[in-house]
Structures are given as C-alpha cells and as structure tokens.
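K.L.:
Submitted below is the structure of interest, expressed as structure tokens.
The values are calculated or read from the model by the stated rules, or taken from the named source; none is laboratory data. Since this is a predicted model, take the numbers as computed values, not measurements. Using ideal geometry, Cβ is built from the backbone for each residue, glycine included, and neighbour counts are taken over all protein chains shown. Surface areas here come from the heavy atoms of the whole protein model, side chains and all, with no ligands, DNA or RNA. Shrake-Rupley method; radii C 1.70, N 1.55, O 1.52, S 1.80 Å.
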Amino acid sequence: MAWRMTVNENKFIETALESGLRIDGRRPFDYRTVDIKFGKDDGSAEVHLGQTHVMAFVTAQLVQRYRDRPNEGSLSIFTEFSPMADPSFEPGRPAEYAVELGRVIDRGLRESRAVDTESLCILSGKFVWAVRVDLHILIMEGKLPLFFC
Amino acid sequence: MEIDRLDGRTPNQLRPLACTRNVLNRAHGSASWCQGDTKVLAAVYGPKAGTKRNENPEKACIEVIWKPKTGQSGKAEREYEMILKRTLQSICILTLNPNTTTSVIIQVVNDDGALLPCAINAACAALVDAGIPLKHLAVAICCCLAESGYVILDPSKLEEQKMKAFVYLVFPNSVLSNLPEGQLKVQGEPMEHGIITSVTQGAMPVDDYLHCLERGRAATAKMSAFLRKSLQPRLPID
C-alpha cells in the first residue's frame, strides 16, 4: 500500500482514544449505521456499513455428487476483491487477505449450520444443489469480516 | 406491421435510463448506468504511472477489468474487456499523458439485455466523472433484427434470446460547439454520423444492417441529450 500512517497521526489517534473518542467522532463501542438493501431478483443483497459497500449474489446449480457424502449439497463462497475497492488490489489471484476472509466466512456459515446442507439434496447420490455465493467488495473502509453473515 | 413487445414498448422506444455519478468515494471517478433492469457500475482510477509490457509507452494506456455478476471471469469477459478497451481508446486523448495507465473497472449488477452498451455508457460517464480528457463522448445502443425482418431497439434479455441477430452500435455523441459548422466535419459529414464500434452477432443482410444503423443513430440523439443533462456539474445550493 502506498499510504503509510505518520507518527503524528498515530499519536493523535492514541491520545484521542485515551479520552474515549475515535477519529470519526464515535465512542469506543459505537457502530456505524448499517443499511441492507435487497435486489430485485431473488438472492441478491447490498450492505452498507458506514462507507464500506458490499454486494452479494447467490446462485444454485444442480450437480451430480460422487463424493463420500451423497446426501449433502454444497455451499461455496467466492470473495472477489474488486480493484474497484482499492487500486492496490490486482485482478486475478486473490491476495492472502482475500483468501483468509473467504475462509473465515466459509467456516462461519458452515460450522454454525446456518445453511443445512442435507436439505440441499434432491436425489441421494444423484442430484444435489450446489449453492454458490459471490461477494463483490465495492468500497473498502474497514471492518470487512463482520459483514458477510 | 406492428410487432408486439413483451413490455408494451414501441420498436423504437428505449427503456427508462438512469445515471448516477460519484457513487464510490474511493475511486477517482465512478458512475452507475441503468437501462430498465440492466444495471452496470463503472469505476475509474486515474492515470497511474507506467504502462503494461506490451503497450506503447508513448501513449496513455487504458486497462479494462470486467467483473461478471456471478462466476469466474471467462472468455466472454475477456471479449467484453477487449471491445470496451478499443472503444475507450478511440475516445480518450491518448497523447496528453504518455506512459500512464488508466484503469476502468466494470461490475455487472444486473443483466437484463443490452449489457455491453450499458457498460460502455457507464464507463463513459465514469471517465467524465474522473476528469479524464476525452475527445467526445460515446453513446451505445443495441439493435436487433426479429425473424420477420423488423428492427427493434434496446431489447430485454428475453427479447434478445428470441432474435435472429443483433448488433451493438457505439456512436459519438452530438456536438454543441461555438466553432463554425465547417470545422467539425470530417470529410464533409458531421461527426455524429460516424461509428465508433459495431459488434454483430447472428447473420443479417446488409440492408437490414444499414437500417439498424439509421434507427440506432436516431435513438442515440435522445440518449446524447440525456447523457449531457446527467453529466452537468452539480453546483452547491447557496
């Protein structure tokens, strides 16, 4: 990243925090306003947290399953760090931050059983739903992992 | 002979247009363009130093990144990127900032037909929002040919699938100028009569193609006026 924080800026943030004030005027435990909009088609949503904007699209496809889990469908998450969010993001191979983010969300949704993969099965061993979630990050101003759930 | 369109439009009627500038605060320029239900978001990051390896360093370079709504970027996305890059290269003044790269990022929000023209319009508005010097603006439209030989403009996705052939056309926008009339003509014809880009899909006879050109050109006059109005600088209210 080309921009580095100066010593003055560091000190300012620290002194402000000591008196319980953050640089945008919030108190230490205050949240930015959350705005959630659902798109026209099924399976799309846009979330704004302060200045950060993220769009999510969910699609499902019928696939055949040969795996050792014939009774379950699959849920896959694709996080796209668009160069729209920050010019330092290169298109193509995701940076390690992007991969880490994808993994955190994936584990969060999978282990909490928010989506029941068994209900995604139509015909055991033959056809199951493969649900695919695509996340596009439009603007990044911090606090990404929270969003996605 | 009238043709019935699903949403009740006449053959020459465009879908409602909407354009918003400066939607993203990080990007140097951004715009979102809607034609009916098709919505595209474009972001421009202004001239960065250096050009890519195969590009000419004596001119500015435009880099286009197309992000589809779902799925990985494949061959179709590469094709769109190439068409968009060539179109934008012909409208930008490339000699002003040599050895720089301007990135244009297109994100498809919703695809309901005429996706590429929508993206070209959005990219053009985003370039204006970023302040990149342009020779003139580009206005894009999609014309298709039905089985019966009828030409319709700005199809929705369902209409596009039923058509025999379609063509995406990009024209320069209409010019409002203080210069005397003679100066703006190229080889005796006014500049609006030129074509910047034409991409056809499906087989169509030459006469029908020329017919599409005529209709498309007439419709872009209205789009030009809309573009000009929406790109007016917004002055603060005193």
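K.L.:
Taking the stretch B:38-78 on its own, how many of its residues are within 14 Å of chain A (Cβ to nearest Cβ), modelled with pLDDT of 85 or more, farther than 27 Å from B:Leu14 by Cα and not in a strand (DSSP E or B)?
P.N.:
1
K.L.:
Okay, next question. What number of residues within the stretch A:104-149 satisfy the criterion of being modelled with pLDDT of 75 or more, hydrophobic (A, V, I, L, M, F, W, C) and part of a helix (DSSP H, G or I)?
P.N.:
Going through the stretch A:104-149 one residue at a time, the tally reaches 3.
K.L.:
Filter the stretch B:86-121 down to the residues that are within 14 Å of another protein chain (Cβ to nearest Cβ) and in a helix (DSSP H, G or I) and list them by number.
P.N.:
B:Ala119
K.L.:
Could you check B:Pro98 against (1) in contact with a helix residue (DSSP H, G or I) (Cβ under 9 Å, 6 or more places away or on another chain); (2) in contact (Cβ under 8 Å) with a residue 40 or more places away in the chain and say which number it fails?
P.N.:
Evaluating B:Pro98 over (1) in contact with a helix residue (DSSP H, G or I) (Cβ under 9 Å, 6 or more places away or on another chain); (2) in contact (Cβ under 8 Å) with a residue 40 or more places away in the chain leaves (1) as the failure.
K.L.:
Across the stretch B:11-37, what is the number of residues that are part of a strand (DSSP E or B) and either among the small types (Gly, Ala, Ser) or more than 16 Å from the chain's Cα centre (by Cα) (or both)? Before the answer, list the steps.
P.N.:
Taking the stretch B:11-37 as the starting set, the residues that turn out to be part of a strand (DSSP E or B) are B:17-21, B:29-35.
Then keep just the ones that are either among the small types (Gly, Ala, Ser) or more than 16 Å from the chain's Cα centre (by Cα) (or both); that gives B:18, B:29-32.
Result for the stretch B:11-37: 5.
K.L.:
Quick check on my filter: what residues within the stretch A:36-60 are open to solvent by 60 Å² or more (accessible area, probe 1.4 Å) and either within 15 Å of the chain's Cα centre (by Cα) or modelled with pLDDT under 80 (or both)?
P.N.:
Of everything in the stretch A:36-60, those that are open to solvent by 60 Å² or more (accessible area, probe 1.4 Å) and either within 15 Å of the chain's Cα centre (by Cα) or modelled with pLDDT under 80 (or both) turn out to be A:Ile36, A:Lys40, A:Asp41, A:Asp42, A:Gln51, A:Val58.
K.L.:
Taking the stretch B:101-115 on its own, how many of its residues are open to solvent by less than 30 Å² (accessible area, probe 1.4 Å) and out of contact with any helix residue (DSSP H, G or I) (no Cβ under 6 Å at 6 or more places or on another chain)? Spell out the reasoning first.
P.N.:
Step one: of the stretch B:101-115, the residues open to solvent by less than 30 Å² (accessible area, probe 1.4 Å) are B:101-110, B:113-115.
So of that shortlist, the ones also out of contact with any helix residue (DSSP H, G or I) (no Cβ under 6 Å at 6 or more places or on another chain) come out as B:101-103, B:105, B:107-110, B:114-115.
Qualifying residue count, the stretch B:101-115: 10.
K.L.:
Now a separate question. Identify the residue in the stretch B:10-58 that is among the basic types (Lys, Arg) and touching a residue at least 40 places away in the same chain (Cβ under 8 Å) and, among all such residues, is most open to solvent (accessible area, probe 1.4 Å).
P.N.:
Across the stretch B:10-58, the extreme among qualifying residues is B:Lys52.
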